[in-house]
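Read through the structure below, which is laid out as structure tokens, and then see the notes.
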Amino acid sequence: MSVAVVTDSTAHLPEGFAERNGIRVVPLHVLVDGVVFLDGVEMGPAALAEALGKRSLVTTSRPTPAEFVKEFRAALAEGADAVVSVHLSRELSGTWEAAVLAAQEVGPDKVRVVDSRSTAMGLGFAALRAAGAAANGADPAEVEAAAVDAVSRSETLFAVETLEYLRRGGRIGPAAALLGTALAVKPVLHMSEGRIQPLEKVRTMNRAVARLVELAVKAAEGGLADIAVHHLASPERAVELANRLEESIDCPEGCVVSEIGAVIGAHTGPGVLGVVIQRAG
């Protein structure tokens, strides 16, 4: 049985990863001063950073169920017997819900939808594991299980220059209470139970980088791990973070560095640094 794997643009898979692994990507929408763009297709990180720098009004929205229906049906028409669709946390977006509605229309016996409880490469690693299982001939239940297992073994950490963007987008929840009005600090946050939760606050981004390394080492639990580093408009600092992680954690595949796209970047702002640790199974 052939199983197609679908994810969304917030996975921020490095260039070429989706194509090489046969993963279909449905883009979310980015609205800049009311004009709609497709994340990663019509708007990338550089354009987003420019828009934010100009103080344009940037908002985001989920793909429509119809867009998922089109992708699912295309996968089936091209020879897949079933689809496993893996998406960013339902606590952060209506994307998962849109995929579920589309699956019901296409046929729940044909499409399984997985909530990654994360985003960025927390989602990307789950999609890659699902695609690997599919390539090895796994059936739909096994492909779904591979994605769910990857979710259980990942940790997503990040630090932002300012809370302004997370606050504006309503994505920080109880983090606002913890950090109060201290916008001068650099918040360190993580994904927990599908939500963005605060861990601590530090005074400088250099200290934030050091804490990300320390927390990532702890998350790896002394074993093998795949690692991804994300950033927006901060390539030098991302490379520095990746080098430090490779020195501290046994990651045979090396550390993947990927600039986050317009949707996640709109909620974190320029200067964000993120780390995803995928412990070996």
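With the structure loaded, tell me whether L57 is under 30 Å from E193 (Cβ atoms) and either within 21 Å of the chain's Cα centre (by Cα) or outside the structural domain of A146 (by TED's automatic domain parsing) (or both) or whether it fails that test. Spelling it out, it is not the case that L57 is under 30 Å from E193 (Cβ atoms) and either within 21 Å of the chain's Cα centre (by Cα) or outside the structural domain of A146 (by TED's automatic domain parsing) (or both).
Of everything in the range 81-104 that is crowded, with 24+ Cβ neighbours inside 10 Å and over 19 Å from the mean Cα position of the chain (by Cα), the residue that is nearest to A141 (Cα to Cα) is V83. Restricting attention to the range 31-71, the residues being more than 20 Å from G271 (Cβ to Cβ) and of a type in the set (D, E, K, R) number 6. Scanning the range 60-75 for residues that are farther than 12 Å from E97 by Cβ and either part of a helix (DSSP H, G or I) or more than 20 Å from the chain's Cα centre (by Cα) (or both) turns up A66, E67, V69, K70, E71, F72, R73, A74, A75.
Filtered by the rule that a residue be under 15 Å from the mean Cα position of the chain (by Cα) and among the small types (G, A, S), the range 217-268 gives A228, S258, G261, A262, G265, A266. Of all the numbered requirements in (1) more than 14 Å from the chain's Cα centre (by Cα); (2) free of Cβ contacts under 8 Å to residues at least 24 places away in the same chain, H29 misses one, and that requirement is (2). Taking the condition in a loop (DSSP other than H, G, I, E, B) and either out of contact with any Leu (no Cβ under 8 Å at 6 or more places or on another chain) or not hydroxyl-bearing (S, T, Y) (or both), does L123 pass? Answer is no for this residue.
Do you know which of the residues in the range 26-54 that are surrounded by 21 or more Cβ atoms within 10 Å (Cβ to Cβ) and among the β-branched types (V, I, T) is farthest from F72 (Cα to Cα)? Restricting to residues being surrounded by 21 or more Cβ atoms within 10 Å (Cβ to Cβ) and among the β-branched types (V, I, T), the top hit is V30. Within the range 75-90, residues that are of a type in the set (V, I, T) reach partners that are surrounded by 22 or more Cβ atoms within 10 Å (Cβ to Cβ) and part of a loop (DSSP other than H, G, I, E, B) with beta carbons closer than 8 Å, at six or more positions or on different chains, in the pairs V86/S116.
The values are calculated or read from the model by the stated rules, or taken from the named source; none is laboratory data. This is a predicted model, so every value here is computed, not measured. Every residue, glycine among them, receives a Cβ derived from its backbone with ideal geometry; neighbour counts consider all protein chains shown.
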